[in-house]
Each structure stands twice: as structure tokens, then as C-alpha cells.
Amino acid sequence: MNPLTLQLRERPAQRVDMSAFTPDRLAGMTPDAIGHIALWQGNRQVPAGDLFRVTGTEPADIRIEADSERLDWIGAGMTQGSIRVEGHAGAYLGRAMRGGTIRVSGGAGPFAATGMSGGSLRIDGNCGDFLGAPIPGERHGMRGGLVEVRGDAGDRAGDRLRRGTILIAGRAGDYCASRMIAGTIVVLGGTGTHAGLAMRRGTLLLSSAPDLPPSFNDNGPQDLGFLTLLADALRALDPPFSELHARGTRVRRWLGDLGYDGRGEVLCWV
Amino acid sequence: MIINGIAIEHTFAEAFGMTATRILITAQNAHWARVAGATMTGFATSVIGCGVEAGIESEIPPEDSPDGRPGVSVLLFAVSGEELAKQVERRVGQCVLTCPSTAVFAGMESEKPVPLGKNLRYFGDGHQIAKQIGGRRFWRVPVMDGEFLCAEYTARTSAVGGGNFLVLGRSREQVLAACEGAVRAIRRLPNVLLPFPGGIARSGSKVGSKYKSLMASTNDAYCPTLRGQVESRLGPEIASVLEIVINGLTEADVREATRVGIQAVCALGAAAGIERISAGNYGGKLGKFHFHLRELMA
């Protein structure tokens, strides 16, 4: 396997739309043809070859080497294959992704995993606000798949999450799991204020007691068997997510947001 | 053919196509898993009167169970997918949902789903919670000891039911002891079920009856008390006959279980009071699976 590699020639002056570079869209294209793809940079289009040095032959396995936070829409709409980013990703990373894997060695900008419905997305650094949230005008956030953030996440992580799993090894900002519809969010490094605000259903699993809105009721200590299944399902990941089974199944549980259906749960390992 | 002084009759067992599922029941400890498994497989000896043939296949140690707790694996066989689904739902709903500390999971995968928690979830009266984990959907139903966790579906597969062999001997005690040994040997095998009480049936049947309403009646040719009155298959030395009925997920499973069972009986030898091994069939016209005893034991 000789991965298709895109090396950024120099840091772009404007933001670049990278949505052309997915295994689906590049299937069957030669590196020369890929170099002629017109990319939006700011308000004008430029050939991809002007921005990137294109090498390699295997578009199912794309490698992006770029030390810039201006590369937006990486992996947008992808359904298969893999994209590995050596460096940072911009906004809308993995937007509407339906399958395949994306791994970013650095951080990512806002709106990562928005509209995502399948596949897996791993961010080794921090990510911006609105992880897995809807973009303005959308009714739902992420609808499936797995997101791992090894650093911290910004505000509104998991806003309107509909289905799927978001794992955050570091801290999550304010309003984590706000307006959450269903799905699972695990935060191992603590959350900001107003976690779970307007949450309807779903699970927010934490390692430390959260700052919840007053519209959550304390459900007391519980022993929940499904946590074993969840931990087992994550066992194949790297630590710390592979080690959740060691935390057991005993949690303190809060139910809410009682102003919005109130069937969501916030769990904290005891 | 004679093995260890025991004659193997030149005949065959005739078995039928069935459909089967496996579910896994876990609980706080092995005792309660066994209780749930035994309860849901009670009154499940024959599809004729019970709708399903079911039993505990094996015990599952915590390290192999889906939720890290001790459990049992239960096999259920029925004549149709519809009947199987009905029985699974009814039995899990009445016997596992009600049993303290239990959870229930799918024990096999196939393209033919069998609802498990799909409808049982409504017991939660709107408080049930769906959880999608590892691509599968589970239901968390609030109950008085916490939560009843169950998979939404298990699956079913085509299977073989009605494999059998008959053990003929000089006394009831001796034949029963030999059959008990055979049951112990067969129950070590995976994918097989011995649906009758203790794995052994004494009321082998023939097709039809003098009474119009009955589809089957006692297998008079093998009843010692009818010797001399009907066309008996029993010589004067035979005082008792017992049958071991074997259901399996595949033809090979039934074949191997039959071989292992007969081997266990033959290991005791004629000195243990066993005279003959035979098998039940209907002339080969009804069931599509035939297990020829001498071929099995060759």
C-alpha cells in the first residue's frame, strides 16, 4: 500500500475546502489528475497541485501532511477508506461522514463530526466548539459512529446528539450534551458549567461530578449492567478508553433535563 | 455389529428439520442464571404439546459472558420461526424478566432475527431506554431490583430435531443407569439439546393411534408389557427400553452426539445389563435426516 499523500507546500493565506479529498471522490484518479482538482481557497479556486505536493497511488488510504489549521472539511461526506492527518485539521472535520476512519495527530477546529452518521473519527489533540453538534439550520447533531478526542473539547460538545458515541479523554467545555436527543458521551476529564442543559434522552458518563442545571434530579447510586457492554465495546481502542471496564458499573445517576422530557441520564462513576 | 457385547441394530434414526435459537442468560451468580434458564426451559420437552423444545446447553463462566457475570446458554428448537419467536418472547417475558438480577443476550448471529427485547421493552411503560452498543441495540427496562438489560434481537438458524437411539436392557435400573451415562457424555458437547426429562424419554411413540384424535401413541413394539400381545421387537431378555432424543444445530452435531451417546452406553458393556442399541424411524419417509447406527459406530 502506497498511501496517497498530500503535503502542504506552504501555509495557505485563506481557508481551504478539503472536501474533494476523500477515498470515494478520488477513486480511480491519478496523482496528476488529483493535482488538477480545483480547490476553493478563500473566495477563489486554485489547482490542488499549487497547494499540495501529491504523491502515492492508493486513494483509499489518504495521508495529509499539513501544519495549518486552515484546512476545512477534511473527510466531509466520506463513506469508506481512511484519512490520516499529520498535523491539524480545520473546521468541519468529518462533516456528514458515513463510514471509514479519520485520524488526526493534532487538534481540530469547530464543528468536527457534525452530521456524522457512521465510521470513526479520532482527534489526538484538542478540538473546537460544537463537536458532533448540528450546524445552524440542522435539527440534529451527529447521528451515528464513534468520535474519540484525546485532548479537550470545546463548548457545546454533543449538542443535539442523536445517536453514536463521543469519547473525550480530557475536559469538555460548557454546555456539554446540551439539547442531547440520544446517544452516549463519555468525558473523563471533567465538564464545564451547565452540562446536559435541555437534554431529552441519552447518556452522559463522567468521571467527576458535574455542574448540572437545577432541572436535574438526583437518582442516587445505581449499578448499571450496560456499562460493562459499553466498556467491552471500547476495549479495542487505545487507553484510557480501553480501560473503562476497570471503573466498574456503580455510578451516581442524575435524571433530566426535567424541563425537556427528562429521560436523559448523567452518570458519574463512584 | 456388536460392541463390547452390545448389539447395534442395522437400523437408522430419522430426524427432521427444525429452526433453533440460542440465548444467553446472565445473573448475579451462577445459581440465579441456572434458575432463570431452568424456569424458561420448563415444560419444553416436545413441540407437540409445548410449542418448543428447550434446555440449558451449557454454563458460561464470567470471562466468556457478554456482561462479565456467570450465565447459561439456552437452546430452543421449534418447527417454525413464527412459533419460535412466540415461545421465546413468552418464556423470556415470564421466566427471565421476572427472575432477580438477570440479563439476556443473543447467543447466535444470522440473517433471521428473533425478537428478544423488541416487545418486552414495553413492560417499561415508557421508561425503557434503548442503548446502541457495538452496532447492536439493547433495552434497559426499569424493574424493582434495578434494570433488566436485554438485547433487542437474537437470531435463529435451521437445525435438526428428533435424532435418537434406543437402549434395550435386562432391567429398568440398568438401562436407566446406562442412559444417564450417555446423557452426561452428550451434554459435554456444544450445539446439542436433549429435550426430555433428564435427557431421557421412556414414552417412545409411533405414528397414529386407534383413537382418531391422537396423532401418536405408545410404541407398542418396544413395550415389554405388550410382549406376546402385539408384534413385539423385544426378545425375552429385554425388560426395559429407554430413548435418548437429540436435537442439534446441524446434522453433524446430532451425528456426533448420537455416536458419543452410544459409545458411552457401549463402554459399560453387556455386563451392565445392556443388550441392544436401536433407533426410531418412520420408514425413512417423513424425516430428511437419517442416522444409520452402524455407519456412525463404524
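The values are calculated or read from the model by the stated rules, or taken from the named source; none is laboratory data. Since we're looking at a predicted model, the values are computed, not measured. Positions of Cβ are backbone-derived with ideal geometry, glycine not excepted, and every protein chain shown enters the neighbour counts. Surface accessibility is based on the protein's heavy atoms, side chains included, excluding ligands, DNA and RNA. Shrake-Rupley method; radii C 1.70, N 1.55, O 1.52, S 1.80 Å.
Brief remarks on what is shown
- Scanning the stretch A:9-40 for residues that are open to solvent by 30 Å² or more (accessible area, probe 1.4 Å), touching a helix residue (DSSP H, G or I) at 6+ places or on another chain (Cβ under 8 Å) and assigned to a strand (DSSP E or B) yields a single hit, A:ALA38.
- Output for the stretch A:199-216, where each listed residue is open to solvent by less than 40 Å² (accessible area, probe 1.4 Å) and under 21 Å from the mean Cα position of the chain (by Cα): A:MET199, A:GLY202, A:THR203, A:LEU204, A:LEU205, A:LEU206, A:SER207
- Among residues of the stretch A:63-85, those that are within 19 Å of A:ARG15 (Cβ to Cβ) and assigned to a strand (DSSP E or B), counted: 7
- Checking the stated criteria, A:ARG98 turns out not to satisfy the condition of being open to solvent by 40 Å² or more (accessible area, probe 1.4 Å) and touching a strand residue (DSSP E or B) at 6+ places or on another chain (Cβ under 6 Å).
- One residue stands out in the stretch B:59-96 among those that are under 24 Å from B:GLY162 (Cα atoms), surrounded by 20 or more Cβ atoms within 10 Å (Cβ to Cβ) and of a type in the set (S, T, N, Q): the one that is nearest to the other protein chains (Cβ to nearest Cβ), namely B:SER73.
- The number of residues in the stretch A:242-270 being more than 10 Å from chain B (Cβ to nearest Cβ) and either open to solvent by less than 20 Å² (accessible area, probe 1.4 Å) or of a type in the set (Phe, Trp, Tyr) (or both) comes to 12.
- When the test is whether a residue is at pLDDT below 95 and under 20 Å from B:THR157 (Cβ atoms), B:VAL79 does not pass it.
- Among the residues of the stretch A:177-199, the ones that are within 12 Å of chain B (Cβ to nearest Cβ) and not β-branched (Val, Ile, Thr) come to 2 in all.
- Enumerated strands (runs of 3 or more DSSP E) restricted to the stretch B:174-282, each holding at least 2 residues that are open to solvent by less than 10 Å² (accessible area, probe 1.4 Å): B:240-248, B:274-278
- Qualifying positions in the stretch A:1-30 - of a type in the set (Ser, Thr, Tyr) and under 17 Å from A:THR55 (Cβ atoms): A:THR5, A:THR30
- If only residues of the stretch A:205-241 that are aliphatic (A, V, I, L, M), assigned to a loop (DSSP other than H, G, I, E, B) and within 14 Å of chain B (Cβ to nearest Cβ) are counted, the one that is nearest to A:THR184 (Cα to Cα) is A:LEU234.
- Unique residue being of a type outside the set (A, V, I, L, M, F, W, C) and more than 14 Å from chain A (Cβ to nearest Cβ) when the list is B:GLY161, B:GLY134: B:GLY161
- Subset of the stretch A:163-176 (residues that are within 14 Å of chain B (Cβ to nearest Cβ) and crowded, with 21+ Cβ neighbours inside 10 Å): A:GLY164, A:THR165, A:ILE166, A:LEU167
- Taken together, the criteria exclude B:ARG69 from residues that are of a type in the set (Lys, Arg) and within 21 Å of B:LEU249 (Cβ to Cβ).
- Any chance A:TRP73 is touching a Phe, Trp or Tyr at 6+ places or on another chain (Cβ under 8 Å), open to solvent by 20 Å² or more (accessible area, probe 1.4 Å) and among the hydrophobic types (A, V, I, L, M, F, W, C): yes
- You will find that of A:GLY119, A:GLY109, A:GLY158, A:GLY154, the residue that is in contact (Cβ under 8 Å) with a residue 40 or more places away in the chain, buried (at least 20 other Cβ atoms within 10 Å of the Cβ) and more than 11 Å from the chain's Cα centre (by Cα) is A:GLY154 and no other.
Here is a yes/no grid of residues against (1) at positive phi; (2) in contact with a Gly (Cβ under 8 Å, 6 or more places away or on another chain); (3) of a type in the set (S, T, N, Q):
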site	(1), (2), (3)
B:LYS210	no, no, no
B:MET215	no, yes, no
B:ASP220	no, no, no
B:LEU226	no, no, no
B:GLU231	no, no, no
B:LEU234	no, no, no
B:GLY284	yes, no, no
B:HIS292	no, no, no
B:GLU295	no, no, no
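- Test set (1) open to solvent by less than 30 Å² (accessible area, probe 1.4 Å); (2) not in a helix (DSSP H, G or I) - A:GLY49 fails condition number: (2)
- Criterion: part of a helix (DSSP H, G or I) and either of a type in the set (Phe, Trp, Tyr) or modelled with pLDDT under 95 (or both) - qualifying residue of B:PHE148, B:PHE123, B:PHE105, B:PHE138: B:PHE123
- Hey, A:PRO136 without any contact (Cβ under 8 Å) to a residue 24 or more places away in the chain, in a loop (DSSP other than H, G, I, E, B) and either in contact with a Leu (Cβ under 9 Å, 6 or more places away or on another chain) or open to solvent by 10 Å² or more (accessible area, probe 1.4 Å) (or both) or not: yes
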